[in-house]
């Protein structure tokens, strides 16, 4: 049987290399698990918005079909994987609640630009007709939780935000 003999210097190099490899593997695993957790999808955006509508007792909201979303929001392709939008039944009311599931959490800035464009366009219509609704539009809420984004316009937008955060915990 042959024995492998290493010098003291050889053992130090081997030990240092093994330690560095172990640290790299550990760090890589940590970041991979963290990224998987942040990018995993939980409830559907439709269930998030319907829970907010139900909990907040909104009775004047109507769901906008997926095929009609592009008439309200100009979202670039590849930004959103799923969405749900509720708007006020009345054209005199600017209230809306929307939940978007991003394809990746890093796409938030692209979605935010589309949301701001939508809100500004909607606000232009209310500016002279209904100053109270215009004010609500100027104080809209947009909040991100991982891959989920909530957009809320209305008197209870901050309460919608708290409920949204609670739902996704």
Exercise. Considering Cα pairs under 8 angstrom that are at least six residues apart, work out the relative contact order of the chain and quote it in whole percent.
Key: 21
Quiz prompt | Listed peptides 147-159, 51-63 by packing density, highest first (mean Cβ within 10 Å) | solution = 147-159, 51-63
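What do you get for Rg/Rh of the stretch 97-137 when both radii come from the Cα atoms and Rh is the Kirkwood radius?
Rg/Rh for the stretch 97-137 comes to 1.12.
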Practice problem: In vacuum, with every alpha carbon of the stretch 72-169 counted as one equal point scatterer, what does the Debye formula give for log10 I(q)/I(0) at q = 0.10, 0.15, 0.17, 0.23 Å⁻¹? Two decimals, please. | Solution: -0.25, -0.57, -0.72, -1.22
Quiz item: Which value in Å is the Kirkwood Rh of the chain over different Cα pairs?
Solution: 18.7
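Every number here is computed from the coordinates shown, using simple stated rules; none is lab data. Nothing here was measured: the structure is a model prediction, and the numbers come from that model. Virtual Cβ from ideal backbone geometry, glycine too; neighbours counted across all protein chains shown.
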